[in-house]
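Encoded as C-alpha cells, the structure appears first; notes follow it.
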Amino acid sequence: MIIYHQQAGASAPARIYNSPMTGIVLILIFLFLPSVKAQERVSQWSGRFTSHEVHVVEEAWHSGIVIENDEQARSVIPALNDFIWADYVDIGWGDEDFYQSPDIDYWLGAKALLINTPSVVRIAGYKGSKEPKLRRADAAMRFELNGEQYRKMLFFIARSFSSDTAGTPQTIARQANGGVIFYRSVLYYNMFNTCNTWVGKAFKQAGFDVNTFMLLTKGQLMERLQPFGTPVESNK
C-alpha cells in the first residue's frame, strides 16, 4: 500500500510509505474502531459494573437477549436511550429483510441463509416485570452474570451496531409506535451466522465456555447454554 502526503511548497505529493506492513496496520486500526467506541462509552460509567440477571428468549424464528434498561446498559449501548421509558429490553439480531417482515416469508428466509445479507439489531422495550414475557416465550433461560461478564456482553452487543461519526446508531425502521426499533448492523447474516450464533457469541464474549462452532438452531443454542443457566417454566 502506498500513502502520499503533500509537503509544504511541493507541487506534487511525496511518497512516504510503500510497505505491506503499512496496509496491515491501517486495516487493523479500521477493524478495531468499533471496539474503541464501545470502550469510550463504558468509560462514561463512573461506577463499577454490578451483577445482573440476563435472559435468553426464543420466540418463533428468533432468539434474543433480555436485559434491564438501566444506566449501566445505556452507558454502553446508546440505542437504549430511545427506550428510556422501558424497564427492560429484548435485543436480537438478524437478516435485515426477514427480521422486519410481519409474516413468515420463506423466500426472504432462503435468501438470508444462502447468501451474505445485511443485518439489523432489533430492540423491543417493555414496562413492568419480565416474568409474563418470559413465560409466554417458546423457551427462556435465566443467567446470573457478574459485573465483568455483564460488561463484556454489553460490549459485544454495542459492537453489532452501525453508528455515525458521533456514535449515534443508525435507525432503519420503527414499529409498534416506537416500542420496537430496528437499527443497521455492521455484521452480515448467513446460514452459518444466525441469530442463534449471535446470542451464543455474546455469552462466549462474556466469558462463558460456549462452543459457537456450527451453532445454527435455537435447539442447539439452548442445549449449549444449558450448563450455565436455569430454564424458565413456560405457560405454553
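The values are calculated or read from the model by the stated rules, or taken from the named source; none is laboratory data. All of these numbers come straight from a predicted model, not from anything done at the bench. When we count neighbours, we look across all protein chains shown, and the Cβ atoms used for this are built from the backbone with ideal geometry, even at glycine.
A few notes on this one:
- Being in contact with a Lys or Arg (Cβ under 6 Å, 6 or more places away or on another chain) and under 17 Å from TYR88 (Cα atoms) is a property that PHE182 has.
- Those strands (runs of 3 or more DSSP E) of the stretch 104-179 in which at least 3 residues are at pLDDT 95 or above and over 25 Å from ILE84 (Cβ atoms), considering only elements entirely within it, cover 139-145.
- Between MET222, MET191, the distinction of being out of contact with any Asp or Glu (no Cβ under 8 Å at 6 or more places or on another chain) and touching a residue at least 12 places away in the same chain (Cβ under 8 Å) belongs to MET191 only.
- Test: residue in the stretch 181-198 that is touching a Phe, Trp or Tyr at 6+ places or on another chain (Cβ under 8 Å), part of a helix (DSSP H, G or I) and closer than 17 Å to TRP61 by Cβ: yes
- Residue in the stretch 225-236 that is surrounded by the most Cβ atoms within 10 Å (Cβ to Cβ), counting only those that are in contact (Cβ under 8 Å) with a residue 60 or more places away in the chain and in a helix (DSSP H, G or I): LEU225
- The residue pairs whose first member lies in the stretch 149-162 and is among the aromatic types (Phe, Trp, Tyr), whose second member is part of a loop (DSSP other than H, G, I, E, B), and whose beta carbons are closer than 9 Å, counting only pairs six or more residues apart or on different chains, are TYR150/PHE49; TYR150/THR50; TYR150/SER51; TYR150/ALA206; PHE155/ALA206; PHE156/ALA206; PHE161/ILE77; PHE161/GLN170.
- ASP87, sole failed condition from (1) modelled with pLDDT of 95 or more; (2) in contact with a Ser or Thr (Cβ under 7 Å, 6 or more places away or on another chain): (2)
- Selected residue (criterion: surrounded by the fewest Cβ atoms within 10 Å (Cβ to Cβ)) from residues of the stretch 170-217 that are under 17 Å from the mean Cα position of the chain (by Cα) and charged (D, E, K, R): ARG184
- Checked against (1) in contact (Cβ under 8 Å) with a residue 40 or more places away in the chain; (2) not in a helix (DSSP H, G or I), THR212 passes all but a single condition, namely (1).
- When ARG174, ARG151, ARG159 are screened for being in the same structural domain as ASP97 (by TED's automatic domain parsing) and in contact with a Ser or Thr (Cβ under 8 Å, 6 or more places away or on another chain), only ARG159 passes.
- Some residue of the stretch 135-142 being in the same structural domain as PRO78 (by TED's automatic domain parsing), touching a helix residue (DSSP H, G or I) at 6+ places or on another chain (Cβ under 7 Å) and surrounded by fewer than 22 Cβ atoms within 10 Å (Cβ to Cβ): yes
- Positions within the stretch 180-195 being more than 24 Å from ILE84 (Cβ to Cβ) and either modelled with pLDDT of 95 or more or not polar (S, T, N, Q) (or both), in sequence order: VAL186, LEU187, TYR188, TYR189, MET191, PHE192, CYS195
- Test: residue in the stretch 147-160 that is of a type outside the set (Asp, Glu) and within 15 Å of GLU96 (Cα to Cα): yes
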